[in-house]
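Rule-based calculations on the coordinates, nothing more; no lab input. Fair warning: this is a prediction, and the values are worked out from it, not measured in the lab. Here the Cβ positions follow ideal geometry from the backbone for every residue, glycine too, while neighbour counts run over all protein chains shown.
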Amino acid sequence: MQSVTFTILRYDPAGGGEPRYQDFQVNITKPGMMVLDGLNQIRWEQDGTLAYRRSCREGVCGSDGVNVNGANMLTCVTHIEEVARKGRVVIQPLPGLPLIKDLVVDLEDFLRKYFTVKPYLITRAPAPDKERLQSPAERRRLDGLYECILCACCSSSCPSYWADPEYLGPSALLNVWRFIDDSRDEGAQERLDILDDHHGAWRCHTILNCVEACPKGLNPTKAITGIKTALLKRKF
Amino acid sequence: MSASMNLTTHRVGALVVGAGGAGLRAALEAGRLVDTAVISQVFPTRSHTVSAQGGIGASLSNVEHDDWRYHMYDTVKGSDWLGDQDAIEFMCREAPSVVIELEHMGLPFSRMDDGRIYQRAFGGHTSKFGKGEVHRSCAAADRTGHAMLHTLFEECLKQGVHFYNEFYTLEILLQDGVACGVLAWDMVRGGFHLFHAKAVLLATGGYARVFRTTSNAHICTGDGAALCMRAGLPSQDLEFLQFHPTGIYGAGNLITEAVRGEGGYLLNCKDDRFMEVCAPTEKDLACRDVVSRGIAEEVRGGRGCGPQGDYALLKIDHIGKDKIMERLPGIWELAMVFAGVDCTKEPIPVVPTAHYSMGGIPTDRFARVVTPGDDGAETVVPGLYAAGEAACASVHGANRLGTNSLLDLMVFGREGGRQMGEYVASQSSWLDLSESAGSAGMAEVRRLLNGPAQRAMGPLMEQLRLDMEMHCGVFRTESDLRELKGKLAGHRAAFANLSVQDKGLAYNLDLIEALELGHMLDVCSAIAEGALARRESRGGHYRDDYPRRDDAGWHKHTLAFLEPGGGVGLDYKPVRMQPLTVDSIALAERKY
Ligand SMILES: Cc1cc2nc3c(=O)[nH]c(=O)nc-3n(C[C@H](O)[C@H](O)[C@H](O)COP(=O)(O)OP(=O)(O)OC[C@H]3O[C@@H](n4cnc5c(N)ncnc54)[C@H](O)[C@@H]3O)c2cc1C
Ligand code: SF4
C-alpha cells in the first residue's frame, strides 16, 4: 500500500503554544482519494484531536477551504495525487485569517465584510403576482457570480486583503456585483456608495490571485472591474 | 471543571434549530411576528440544502398546462399511498406561491425564452393523473439548492434574523410536555448554552448518513429524530429511506434525476436500456425506488457493468455538450472530479445511494409536532414544531418524488414559522425551567470528554454505516434485519464505553462526531425495528421475503419510541386519507 506524508499545521489555543507542524502518514486505500479523505483517516485512526471543517464533501458548502502546498483549495474536491510533491502534502489553514484551532480559522471578519455590501435583492417597484421576468441573456450575466460558496479561498489569497484590514476583498465584491448586475435589482446606487472608497473596489490592484484560488472557477477580478467601470460611469 | 464549561442562558421568543431551507424559511416567517433566533451546527449556507440539484416542484404551467391536483395525485401515488392526503393537498396547492415568493426574494432561476421560470421534467411527475408528460421542476441550472439556500440567507440578512452559528444542539427541553428551549454546545469556544424559548422549531435535516454509500453531507445524522426520541417523543416511519438510483460509483455523490429529465438513460453491461422493461411507461423517469431496484436487480442478475459487475451506466452525452454545459454544469464537474469521467463524451458509472429520509419527527399539516396522547394518536405537543427533512408530515409517505423536498421545506417552513410566531405572540411569559433542564445533554458531553480514550471512534462509525448498508439496504430480509439488530446492540455497548481523544473545548470535532454517532445509533435502532416489523414492501422499504404491498396489514404509519434500556418500542397510527377539499385518492396498485 502506498502512503503519503501529510504535514499539517497544528495549533491548540488551550496549550498557549505557537503553531507547529506535525507529520502523519496517510495510506492510499482507494483510487481518487481526496485530501479530506486523508484528514478523516488521520482523525479517525490516528489522532482524534485534529480539527478542520467539512460538511457536504462535494465542493458546494464551502466549509473546507485550506492552504495545500501554498495554494488555497477545498479539501473535499482535491485529489491527493494531484497535489502530492515527492510523497508529501503540506496543509495549513487559510492564510491571513485568525486561527481557532489547527485548520479552523475565524471567518467572522470575512463574513462581516460580505454582510456590509447588502448582498440581497433590493427592489422598489412592488412585485407582480407572478414571477418577475428576466431574459435568458440577462440571467446569463449572473453565471460565474451566483455560484460563490463563501469559502474565502480568494480573499485569503489576496495581498491587498492581508495588507488592509478594512478592504472588503474579492469575495464580498464578487457577491455585490452579483446583485448590481441582476436585471431585477434596484439597489445599485446605495451599494456603489459603499464601494466607492479606498477600502472598496479601488483597493484591488489586479494581482489576480483570487482568480487562481477560486475552486468554483469564478473570476472576482472581472467582477471588480465591472464595479470600477460602474463607479467611473457614475462620476462622468 | 474549566470555566468555559459553564452554562450561559439566553432568552428568545421563537427558536429555530437548523439553518437549511426549512429552518431559514421558518425563521423569516416567525421573525416577522416575534423575536426569533436560529442555531445551527454550521454557518447557514453550509447546510445540506446547498447540495440540492434538480429543482423545486410546482404546477406553474410555464411549459404546458399543469394543475396542483395532478401534482397531488403524483405525490400520493409516489408515496405508495403512505402519504397523508391533507398535508399533500396543502403542499401542492401552496407550491406555486412559495416558488414565486422565492423568485421575488431574488433566487436566480434559469429562464425560458419568454423570461419566465424554467421548468424541467422529473421522475414520477405527470400530467392528467398519470396520462401525460409534464415539466414541473423549477430549476436554477443544476444548483437549485445552492441558489435557494443563499437566497433565503440573504433575505434573513435583510430582515435581521439573529443567528448562533456553530452551536450544536444536545437536548430538547420539555416542561410537563410543553417545549421550552434547547441545550446547545458552542463548537468554536466550547461551553454549554441554554436557549430558553417560548417555542422551538426543529429543522435539523435527515439521517441518510447512517448508510455507507450516501449522497448526504457528513452532518446529516438524524439529530432531530434522535433528540425527540430521547425526550420521550416518537419518531415516525424511519424505516422508509430513499435510495436514489444514480449515486456516483465508489463515492455515493448524487447525479441528479434531472440528467434523466433532460434525456439521459441507464444501460446495463449488454447496452440494454433495462428500465424499458422494469417500467414500460415511465422508463428511466419512473419513481426512485423503482429505478433503484431496477439497477440492483441488474447487478444481482449478473448484468452489472465494470470488472466487478456492480454498477450501471448513465448516458447523457447524446444531448450534446452545449446543453450539458448550460443545464447540468454542476453534474459535469461532479462526474469529472469523483468518477474521472467527461460526461459529454462517456457514460457515468452509477449505483443506488442512500439519499433521503422519508421518516422523521411526526407533525400535522401545520408543522406542529404530534404524539399519542389525550387527543388521540395526533395530540399536539405545545410549542414544538418541525419542518423539512427532519419532519414527517407525512407528505412523502414511503417514497418521495424528486423536487418535493425543496417544496416541503418552503411550504412547511413557512407554515411552521407562521404557526410558531402566532403561538409565541400569544404566550405572555416563559415557562419556568426545572433544575434538571439540560442535565442529560451536559452529562453526555462530560462523559465523552472526561472518560479515558481507549479506542478511536472512526472505525465504529464506519462499521455501523457498513452494517446498515449490508443488512438494511435496497433489499431487506428477516434474517438480515435480525442479524443487524444483534450488531447494533454490540455497537451501542461499545459506544457506551467510548470517550473522545480530544479533551479540549475549542472546535472539538471529535466530540461533535461522537455525539452524532450516539444519535445515529438511536436512529438505526428505530430503522431496524420498524423494518423488521413491517412485513410488506412499500416504496423505499422492500422486503425480499414479503415482496408485495399489504394494505390490510400495513397501510399505517410506524411510531418508534426509545425505551430506557436502549431498546425500541413500536406503535402505529392510521394514514390520513381525507384531503382538505378534493376527493380521496383511493388505494390502487402502483405501476409506472
Ligand atoms: C445531492 C442532493 C441533491 C438533492 N436535490 C434535490 C432536488 O433537486 N430537489 C429536492 O426537492 N430535493 C433535493 N434533495 C433533498 C433536499 O436537498 C433535502 O431534503 C433538503 O435540502 C433538506 O433541507 P432541511 O432544511 O430539512 O435540512 P438541511 O438543509 O439538511 O439543514 C439542516 C440544518 O440543521 C442543522 N443541524 C442539524 N443538526 C443540528 C444540531 N444537532 N444542532 C444544531 N444544528 C443542527 C444544520 O446545521 C443545518 O443548518 C437533494 C439532496 C441531496 C443530498
Ligand atoms: S469567489 Fe470563489 S474563492 Fe471567493 S469565496 Fe466565492 S467561491 Fe470562494
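Values computed for the structure shown
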{"read-out": "Ranked B:R543, A:R124, B:R300, criterion: other C-beta atoms within 10 Å, fewest first", "value": "A:R124, B:R300, B:R543"}
{"read-out": "Protection-proxy order for peptides B:343-349, B:487-493, B:427-433, each taking the mean of Cβ atoms within 10 Å per residue, highest first", "value": "B:343-349, B:487-493, B:427-433"}
{"read-out": "Reach of B:K198 by Cα under 27 Å, taken over lysines that are not fewer than 8 positions away in the same chain", "value": "B:K158"}
{"read-out": "Using θ = phi - 60° and Karplus 6.51 cos²θ - 1.76 cosθ + 1.60, couplings along the stretch B:46-55 (whole Hz; Gly, Pro as x)", "value": "9, 5, 5, 3, 4, 7, 4, 10, x, x"}
{"read-out": "Per-residue average of Cβ from other chains inside 10 Å of A:123-135", "value": "5"}
{"read-out": "Over the stretch B:439-568: Rg over Rh, Cα atoms, Kirkwood Rh", "value": "1.06"}
{"read-out": "Radius of gyration, Dmax [chain B; alpha carbons; angstrom]", "value": "22.6, 69"}
{"read-out": "Residue order, fewest to most beta carbons within 10 Å, for B:S59, A:S183, B:S137", "value": "A:S183, B:S59, B:S137"}
{"read-out": "When each of B:K128/B:K591; A:K30/B:K345; B:K77/B:K556; B:K556/B:K591; A:K86/B:K345 is checked by Cα-Cα distance, pairs over 23 Å", "value": "A:K30/B:K345; A:K86/B:K345"}
{"read-out": "D_trans [Stokes-Einstein, Kirkwood Rh over alpha-carbon pairs] for the protein assembly as shown, 20 °C, 1.002 mPa s, µm² s⁻¹", "value": "80 µm²/s"}
{"read-out": "Chain B: angle of helix B:68-78 to the longest principal axis, Cα-based, in degrees nearest 10", "value": "80 degrees"}
{"read-out": "Among beta bridges that DSSP assigns inside chain A, antiparallel share in %, nearest 5", "value": "80 percent"}
{"read-out": "Total lysine pairs under 22 Å (Cα atoms) in the stretch A:108-235, excluding pairs fewer than 8 apart on one chain", "value": "9"}
{"read-out": "Beta bridges per DSSP with both ends in chain B, % antiparallel, nearest 5", "value": "65 percent"}
{"read-out": "Calculated P(r) of the stretch B:437-496 - Cα pairs past 14 Å, %", "value": "65 percent"}
{"read-out": "Listed residues B:S584, B:L102, B:G306: farthest to the positive end of the dipole of chain B (Cβ charges)", "value": "B:G306"}
{"read-out": "Pair-distance profile P(r), taking every C-alpha pair of the stretch A:3-105, with 5 angstrom steps and integer %", "value": "2, 14, 25, 27, 21, 8, 3, 0"}
{"read-out": "Packing rank of B:262-268, B:179-185, B:49-55, where each peptide gets the mean count of other beta carbons within 10 Å, highest leading", "value": "B:49-55, B:179-185, B:262-268"}
{"read-out": "Residue among B:I39, B:C92, B:V178 farthest towards the positive dipole end of chain B, charges placed on Cβ", "value": "B:I39"}
{"read-out": "Number of partner chain Cβ atoms within 10 Å, mean per residue of A:144-156", "value": "3"}
{"read-out": "With Cα atoms, 0 to 90° folded angle of helix B:85-105 axis to chain B main axis", "value": "90 degrees"}
{"read-out": "18 Å Cα-Cα reach of B:K270 towards aspartates and glutamates, excluding residues that sit fewer than 8 places from it in its own chain", "value": "B:D284, B:E297, B:E298, B:D310, B:E346"}
{"read-out": "Dipole-positive endmost among B:A425, A:P220, A:L74 within the protein assembly as shown (Cβ charges, Cα centre)", "value": "A:P220"}
{"read-out": "Built amide H within the under 5 Å cut-off of A:I122, gap 5+", "value": "A:E186, A:G187"}
{"read-out": "Dipole magnitude (debye, nearest 20) for the protein assembly as shown, charges at Cβ of Lys, Arg, Asp, Glu", "value": "1060 debye"}
{"read-out": "Amide H partners (placed H, <5 Å) of B:V182, local residues excluded", "value": "B:L173, B:F195, B:A197"}
{"read-out": "Segment B:E326-B:D35, extension gain: residue separation times 0.36 nm, minus the distance between their alpha carbons", "value": "100.5 nm"}
{"read-out": "Chain B: angle of helix B:144-159 to the longest principal axis, Cα-based, in degrees nearest 10", "value": "40 degrees"}
{"read-out": "Cα pair distances in the stretch B:314-456, grouped into 10 Å bins until the bin that holds the longest one, percent each", "value": "9, 21, 22, 22, 17, 9, 1"}
{"read-out": "For the stretch B:248-354, size of Cβ-based charge dipole, Lys and Arg +1, Asp and Glu -1, in debye", "value": "120 debye"}
{"read-out": "Sequence-separation-based contact order of chain A, relative, with Cα cut under 8 Å and 6+ spacing, percent", "value": "18 percent"}
{"read-out": "Length added when fully stretched, B:Q427-B:Q578, from 0.36 nm per residue minus Cα-Cα", "value": "51.1 nm"}
{"read-out": "Number of partner chain Cβ atoms within 10 Å, mean per residue of B:232-240", "value": "0"}
{"read-out": "Residues with amide H under 5 Å from that of B:V568, placed H, sequence gap 5 or more", "value": "B:E563"}
{"read-out": "Computed over the stretch B:248-354: relative contact order in percent, which uses C-alpha pairs under 8 Å that are six or more apart", "value": "34 percent"}
{"read-out": "Ordering of B:443-452, B:71-80 by burial proxy (mean other Cβ atoms within 10 Å per residue, highest first)", "value": "B:71-80, B:443-452"}
{"read-out": "Charge dipole magnitude, Cβ of K and R +1, D and E -1 - chain B, Cα centre, debye nearest 20", "value": "440 debye"}
{"read-out": "Spatial separation of Cα centroids for the stretch B:245-318 and the stretch A:1-77, in angstrom", "value": "34 Å"}
{"read-out": "DSSP-defined antiparallel bridges as percent of all bridges, the stretch B:427-583, nearest 5", "value": "90 percent"}
